[in-house]
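The values are calculated or read from the model by the stated rules, or taken from the named source; none is laboratory data. Predicted, not measured: the structure shown is a model, and the values here were computed from it. FYI the Cβ positions are ideal-geometry reconstructions off the backbone, even for glycines, and counts take in every protein chain you see.
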Amino acid sequence: MNRDAAPLDLGLYHELQALYADYASAVDSGQWDLWPGFFTEDCVYKLQPRENHERGFPLATLSFESQAMLRDRVYGIKETLFHDPYYQRHVVGAPLVRRVDGQGALHCEANYAVFRTKLDGPSTVFNVGRYLDVVVRTPQGLKFAQRLCVYDSEMIPNAIIYPI
Amino acid sequence: MDLTPANGACPGDAPDALHWEAGDTSRIPFAVYTDPSRHQRELERFFYRGHWCYVGLEAEIPNPGDYRRSVVGERSVIMVRAEDGAVHVVENVCAHRGMRFCRERHGNRKEFVCPYHQWSYALDGSLQGVPLRRGVRQDGQVKGGMPADFDPKQHHLTRLKVAVRGGVVFASFDHDVESLEDYMGPTILRYFDRLFDGRKLKILGYNRQRIPGNWKLMQENIKDPYHPGLLHTWFVTFGLWRADNKSELRMDAHHRHAAMISTRGSAGQATGNASQVTQVSSFKASMQLEDPRFLDIVPEPWWGGPTAVMTTLFPSVIFQQQVNSVSTRHIQPDGHGAFDFVWTHFGFEDDTPEMTQRRLRQANLFGPAGFVSADDGEVIEFSQQAFDSKPAHRALAELGGREVGETDHMVTETLIRGMYAYWRQVMEAPQ
């Protein structure tokens with residue numbers, strides 16, 4: 001039992017796990033339009049190397065401050081970014097809820113590993129890190145108000161196109 | 001096509017015997033990208049001799065004892081600030097057994113100690129301590145130890161020559177290298193000083209990517225004003241970099257360094273069918289940003305007109321100003337077929353919080369996942385794949401003619417031709 005873990009209603013925890021599983025399934029499906037729907041309108045999404053995060057440098061590899069920015073990214077993936085097509089596969093650990101704040105938002109985290117498979121090559125470890133999330137309840141269910149992907153794999157194998 | 005068997009060969013110290021089909025540098029042999037022995041010669045002649053290489057920014061080591069590990073060519077070096085404030089760059093190779101002793105990426109130290117036999121060095125690289133130098137005393141006798149004539153002064157870490165200008169740190173293994181200012185030449189120095197004008201820099205953070213392509217391809221990418229308005233939809237659609245923008249291409253006298261200078265059209269986003277630039281397939285007439293803050297551009301006084309200046313300093317670095325986003329991009333070769341590309345984004349000490357936020361937002365265009373830059377790494381990878389598969393072939397760089405010269409337009413590959421004219425001069429010299 002992790003002493004940092006906040007006690008949580010089992011039903012809520014189950015709902016949280018379903019959110020994590022849905023997210024992984026969506027971003028691996030190739031249906032990029034699904035991705036922004038996991039976030040609130042004024043969400044924060046960042047993909048940040050661990051060094052920047054730990055040393056307090058604000059730069060992120062991707063830094064979005066609204067669901068609209070995520071939709072712009074989806075447009076980029078589909079229409080403007082030239083790239084080698086690849087499959088990606090997320091393996092996400094069980095979410096650990098650190099605390100529930102006064103507004104009922106869940107502050108949680110989970111380890112993740114993303115494998116990349118190019119059409120004519122082997123599957124390789126692509127991006128490994130930790131999600132630092134703030135999850136809130138909305139009329140449409142649980143959504144990410146913040147998803148910070150802090151990655152250990154600081155030497156990116158050329159380019160990251162799809163959402164982590 | 002005449003392809004002599006000499007292509008691909010770069011033996012020992014003999015002059016490079018590569019065959020250049022056109023005589024000039026408008027047709028570039030694939031073999032310049034594919035041969036390990038030629039790569040070794042490039043390291044010797046460009047990265048380790050006669051040239052300055054980028055190491056880092058002073059703002060990364062503000063305090064005495066601060067150090068940051070960096071790279072010159074394929075050699076690991078440490079940039080460190082001594083007690084007296086001076087910046088030193090020493091090679092990360094112990095003078096004893098050669099171990100690459102510094103493993104942390106950055107930190108603060110009073111001295112460097114190689115863990116293997118605990119030889120210790122002052123921050124300027126001088127050898128301070130050698131354990132058991134005078135042997136051990138056993139049974140009234142001194143046994144072992146270094147020879148009596150061992151002179152610690154002869155065994156310091158390899159020191160590089162250092163030049164600091166505008167907060168940017170350069171180093172060279174060649175202590176006879178010309179001054180940094182002469183190395184850049186007056187034209188390039190002017191654009192360097194425009195960006196690094198003496199204001200203190202503020203580090204915003206790093207991005208790192210490994211690109212499986214020859215290191216020169218990144219220099220060429222930023223000497224190629226032809227592709228940005230074609231490959232990069234964002235540039236052409238939002239007018240950030242387009243063939244019809246007011247622009248200039250400038251070089252140093254050797255044609256090794258260059259600056260691509262561009263001014264965004266006053267109209268910003270092109271709307272009509274006024275010119276051929278909007279006919280290219282990557283131009284998206286209907287494209288609108290759902291969140292326009294990505295391009296919340298605010299002109300800064302130091303720009304002095306141009307909205308983008310991309311400076312290539314041969315061989316090791318690119319200085320980026322693209323509207324409010326500024327960065328250094330460090331080229332770190334690893335064999336002929338790959339390089340690490342390290343981006344250091346920065347701002348200035350007098351930036352308002354809003355300006356910092358703006359620089360961070362615009363950074364979404366750049367780096368290994370950037371709306372614009374992600375595809376540069378991809379095209380370099382796929383070029384290298386082709387080079388490796390047929391090294392006897394050659395690429396074309398004939399846009400805008402076959403000669404080398406400065407221009408006031410972007411429809412030319414003259415900067416690439418210029419770089420290879422310099423490359424040939426150095427690589428084809430006897431020694």
Checking residue B:208 against (1) surrounded by fewer than 23 Cβ atoms within 10 Å (Cβ to Cβ); (2) closer than 24 Å to residue B:283 by Cβ, which test does it fail? (2)
Quick test of your reading of the structure: residue A:33 fulfils all but one of (1) in a loop (DSSP other than H, G, I, E, B); (2) within 14 Å of chain B (Cβ to nearest Cβ). Name the failing condition by number. (1)
Residue list for the stretch A:60-81, filter: polar (S, T, N, Q) and facing another protein chain (nearest Cβ under 7 Å): A:61, A:63, A:66, A:80
Please specify each residue of the stretch B:225-238 satisfying the condition of being more than 14 Å from chain A (Cβ to nearest Cβ) and surrounded by fewer than 22 Cβ atoms within 10 Å (Cβ to Cβ). B:226
Residue list for the stretch B:186-239, filter: in contact with a Lys or Arg (Cβ under 6 Å, 6 or more places away or on another chain) and without any contact (Cβ under 8 Å) to a residue 40 or more places away in the chain: B:239
Selection status of residue A:144, touching a helix residue (DSSP H, G or I) at 6+ places or on another chain (Cβ under 8 Å), at pLDDT 95 or above and closer than 24 Å to residue A:50 by Cα: yes
Could you give every pair whose Cβ atoms fall below 8 Å, whose first residue belongs to the stretch B:376-394 and is within 18 Å of residue B:218 (Cα to Cα) and within 13 Å of another protein chain (Cβ to nearest Cβ), and whose second residue is of a type in the set (Asp, Glu) and not in a helix (DSSP H, G or I), counting only separations of at least 6 or pairs across chains? B:378/A:84; B:381/A:84; B:382/A:84
I'm trying to understand the selection: among the residues of the stretch B:166-223, which are hydroxyl-bearing (Ser, Thr, Tyr), more than 14 Å from every other protein chain (Cβ to nearest Cβ) and in contact with a Ser or Thr (Cβ under 7 Å, 6 or more places away or on another chain)? B:191
Residue A:45 - would you say it is part of a strand (DSSP E or B), touching a helix residue (DSSP H, G or I) at 6+ places or on another chain (Cβ under 9 Å) and either closer than 30 Å to residue B:281 by Cβ or modelled with pLDDT under 95 (or both)? yes
Flagged in the stretch A:82-106 as within 14 Å of another protein chain (Cβ to nearest Cβ) and of a type in the set (Asp, Glu), in numbering order, are A:84
In the stretch B:240-252, residue nearest to the other protein chains (Cβ to nearest Cβ) [restricted to those that are without any contact (Cβ under 8 Å) to a residue 40 or more places away in the chain and surrounded by fewer than 23 Cβ atoms within 10 Å (Cβ to Cβ)]: B:244
Look through the stretch A:107-164, keep the residues that are hydroxyl-bearing (Ser, Thr, Tyr) and within 14 Å of chain B (Cβ to nearest Cβ), and return whichever of them is surrounded by the fewest Cβ atoms within 10 Å (Cβ to Cβ). A:124
Of the conditions (1) in contact (Cβ under 8 Å) with a residue 60 or more places away in the chain; (2) part of a loop (DSSP other than H, G, I, E, B); (3) surrounded by fewer than 22 Cβ atoms within 10 Å (Cβ to Cβ), residue B:282 satisfies every one except a single condition; which number is it? (1)
Can you tell me which of (1) within 14 Å of chain B (Cβ to nearest Cβ); (2) of a type outside the set (D, E, K, R); (3) within 30 Å of residue B:285 (Cα to Cα); (4) part of a helix (DSSP H, G or I) is the one residue A:53 doesn't meet? (3)
Check residue A:58 against each of (1) farther than 24 Å from residue B:382 by Cα; (2) in a strand (DSSP E or B) and name the one condition it does not meet. (2)
For the stretch B:62-69, check the following and say yes or no: at least one residue is without any contact (Cβ under 8 Å) to a residue 60 or more places away in the chain, charged (D, E, K, R) and either away from every other protein chain (no Cβ under 14 Å) or part of a loop (DSSP other than H, G, I, E, B) (or both). no
